[in-house]
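Structure first, then comments.
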Amino acid sequence: IQVFRPVNSGIEEIIVGVVGVLQFEVLEYRLQNEYNVEIRMQQLPYRQVRWIEKDGFDPDAFNLTMDAIIALDQDDHPVLMFQNEWSEERIVERNRGVVLHPIARRTYR
């Protein structure tokens, strides 16, 4: 399980990323039964996550596709969430100098 915070969302929310549906069910059960926390889950359309590496990264100046968002991981590294490889290719084309990584690296920023 990984936790992300959307950039510039304007509301206090988190995105939980998992490999399979069972992880969501375990998370929901534990939050409700062990911590007495009420949650509201909504499935999002994102299927891919890439960590963003770019000198002088500015999320407000980053050119996205319509199916993509930028979020921050638990270490405040920027990540890109999108639906498919087509979106990844367009985003790389639109943002010179950007490198996208499939896993987090400690050398970002």
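Overview of values
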| quantity | calculated |
| --- | --- |
| Residue under evaluation residue 32, criteria (1) surrounded by 13 or more Cβ atoms within 10 Å (Cβ to Cβ); (2) out of contact with any His (no Cβ under 7 Å at 6 or more places or on another chain); (3) outside any loop (DSSP other than H, G, I, E, B); (4) at pLDDT 90 or above, criterion not met | (1) |
| Residue count for the stretch 47-81, restricted to those that are closer than 16 Å to residue 9 by Cα and of a type in the set (Phe, Trp, Tyr) | 1 |
| Matching residues, the stretch 2-35, being touching a helix residue (DSSP H, G or I) at 6+ places or on another chain (Cβ under 9 Å) and on the phi > 0 side of the Ramachandran plot | 8 |
| Answer residue from the stretch 49-86, given it is in contact (Cβ under 8 Å) with a residue 40 or more places away in the chain and assigned to a loop (DSSP other than H, G, I, E, B) and is least open to solvent (accessible area, probe 1.4 Å) among those | 73 |
| Residue tally, condition part of a loop (DSSP other than H, G, I, E, B) and either touching a Gly at 6+ places or on another chain (Cβ under 6 Å) or open to solvent by 40 Å² or more (accessible area, probe 1.4 Å) (or both), over the stretch 87-109 | 9 |
| Residue that is nearest to residue 46 (Cα to Cα) [pool: residues in the stretch 99-109 that are among the aliphatic types (A, V, I, L, M) and within 12 Å of the chain's Cα centre (by Cα)] | 103 |
| Hits in the stretch 15-29 - residues which are in a loop (DSSP other than H, G, I, E, B) and either touching a residue at least 60 places away in the same chain (Cβ under 8 Å) or exposed (fewer than 12 other Cβ atoms within 10 Å of the Cβ) (or both) | 19, 20 |
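Table: residues versus (1) within 15 Å of the chain's Cα centre (by Cα); (2) on the phi < 0 side of the Ramachandran plot.
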| position | (1), (2) |
| --- | --- |
| 37 | no, yes |
| 42 | yes, yes |
| 56 | no, no |
| 69 | yes, yes |
| 73 | yes, yes |
| 78 | yes, yes |
| 86 | no, yes |
| 97 | no, no |
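The values are calculated or read from the model by the stated rules, or taken from the named source; none is laboratory data. Quantities reported herein were computed from a predicted structural model and do not represent experimental measurements. Quick reminder, even Gly has a Cβ in these numbers, built from the backbone with ideal geometry, and neighbours come from all protein chains shown. Please note that ligands, DNA and RNA were not included when accessible areas were found on the heavy atoms of the full protein model with its side chains. Shrake-Rupley method; radii C 1.70, N 1.55, O 1.52, S 1.80 Å.
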